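Novice: Provided herewith is a single structure, encoded as structure tokens, for subsequent inquiry.
The values are calculated or read from the model by the stated rules, or taken from the named source; none is laboratory data. Given the structure is predicted, the values throughout are model-derived calculations rather than measurements. Counting neighbours? That spans all protein chains shown, and the Cβs are built from the backbone with ideal geometry, glycine included.
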Amino acid sequence: MQGDFGSVVVELRKKQGISQTDLASRLGIHKNVLGRYERNEVFPSIEIARKIADILDVSLDYLTGKADVQMDKNTRKRILEVSKFEEIDREHIFSVIDAFIAKRKIQSIL
């Protein structure tokens, strides 16, 4: 999903069946303020933006258009853990992932 902050928030919110009133309540802000975020009239503080990302289960980078891929919390958590591994261990993990990717590509051709 590509787009500006507000349109990304609206699309994710609607996709998850969250009303503007509900999201605003969970953020501790008035729904009119959320509406202004969604229309890109103003931008939230980093704290509110993080809360929005957490509630909508996306990374802040995805929400702000700096990441092209939407990942769930478990995937992000795993990637963060792997990034802490030693280089040799990361290489082994990526080799296994690469093998699965190659297998899927071959299967899609057949």
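Novice: Quick check, is Ala24 in contact with a Leu (Cβ under 8 Å, 6 or more places away or on another chain) and modelled with pLDDT under 95? Walk me through it before giving the result.
Specialist: Details: in contact with a Leu (Cβ under 8 Å, 6 or more places away or on another chain): yes; modelled with pLDDT under 95: no.
No; evaluated as a whole, the condition is false for this residue.
Novice: Out of everything in segment 77-95 that is outside any loop (DSSP other than H, G, I, E, B) and either assigned by TED's automatic domain parsing to the domain that holds Asp22 or of a type in the set (Asp, Glu) (or both), what residue ends up being nearest to Ile29 (Cα to Cα)? Reasoning before the result, please.
Specialist: Step one: filter segment 77-95 for residues outside any loop (DSSP other than H, G, I, E, B), giving 77-83, 87-95.
Those left that are additionally either assigned by TED's automatic domain parsing to the domain that holds Asp22 or of a type in the set (Asp, Glu) (or both): 81, 87, 89, 91.
Working: Glu81: 33, Glu87: 44, Asp89: 44, Glu91: 45 Å.
Result: Glu81.
Novice: Among the residues of segment 62-73, is there at least one that is among the basic types (Lys, Arg), in contact (Cβ under 8 Å) with a residue 12 or more places away in the chain and out of contact with any Asp or Glu (no Cβ under 9 Å at 6 or more places or on another chain)? Break it down into steps so the answer makes sense when it comes.
Specialist: Within segment 62-73, the first condition is being among the basic types (Lys, Arg), and the residues that meet it are 66, 73.
Next, from what is left, pick out any that are in contact (Cβ under 8 Å) with a residue 12 or more places away in the chain: 73.
Checking which are out of contact with any Asp or Glu (no Cβ under 9 Å at 6 or more places or on another chain) leaves us with none.
No: segment 62-73 contains no residue that is among the basic types (Lys, Arg), in contact (Cβ under 8 Å) with a residue 12 or more places away in the chain and out of contact with any Asp or Glu (no Cβ under 9 Å at 6 or more places or on another chain).
Novice: Residues of segment 50-75 being of a type in the set (Asp, Glu) and outside any loop (DSSP other than H, G, I, E, B), which ones? Step through it out loud before you land on a result.
Specialist: First, pick out the residues of segment 50-75 that are of a type in the set (Asp, Glu): 54, 57, 61, 68, 72.
Answer for segment 50-75, where residues must be of a type in the set (Asp, Glu) and outside any loop (DSSP other than H, G, I, E, B): Asp54, Asp61.
Novice: Please determine whether any residue of segment 39-59 is more than 30 Å from Ser7 (Cβ to Cβ) and of a type in the set (Val, Ile, Thr).
Specialist: Kept after step one, since they are more than 30 Å from Ser7 (Cβ to Cβ), are these residues of segment 39-59: none.
No, the conditions are met nowhere in segment 39-59.
Novice: So, in segment 45-68, exactly how many residues are within 15 Å of Ser25 (Cα to Cα), surrounded by 17 or more Cβ atoms within 10 Å (Cβ to Cβ) and not aliphatic (A, V, I, L, M)?
Specialist: So the answer is 1.
Novice: Turning to a different aspect of this structure: Just to be sure I understand the filter: pairs with C-beta atoms under 7 Å, separated by 6 or more residues or on different chains, first member in segment 28-41 and in a loop (DSSP other than H, G, I, E, B), second member not β-branched (Val, Ile, Thr). Which pairs pass?
Specialist: Pairs found: His30/Ala24; Arg39/Gly6; Asn40/Asp4; Asn40/Phe5; Asn40/Gly6.
Novice: Can you name every residue in segment 73-91 that is surrounded by 10 or more Cβ atoms within 10 Å (Cβ to Cβ) and either over 27 Å from Ala53 (Cα atoms) or not hydroxyl-bearing (Ser, Thr, Tyr) (or both)? Before you say what the answer is, go through the steps one by one.
Specialist: Filtering segment 73-91 for residues surrounded by 10 or more Cβ atoms within 10 Å (Cβ to Cβ) gives 73, 75-79, 82, 85, 89-91.
Lys73, Arg76, Lys77, Arg78, Ile79, Val82, Phe85, Asp89, Arg90, Glu91 - these are the residues of segment 73-91 that are surrounded by 10 or more Cβ atoms within 10 Å (Cβ to Cβ) and either over 27 Å from Ala53 (Cα atoms) or not hydroxyl-bearing (Ser, Thr, Tyr) (or both).
Novice: Looking at (1) under 16 Å from Leu63 (Cα atoms); (2) surrounded by 14 or more Cβ atoms within 10 Å (Cβ to Cβ), which is the one condition that is false for Arg39?
Specialist: All conditions are met except number (2).
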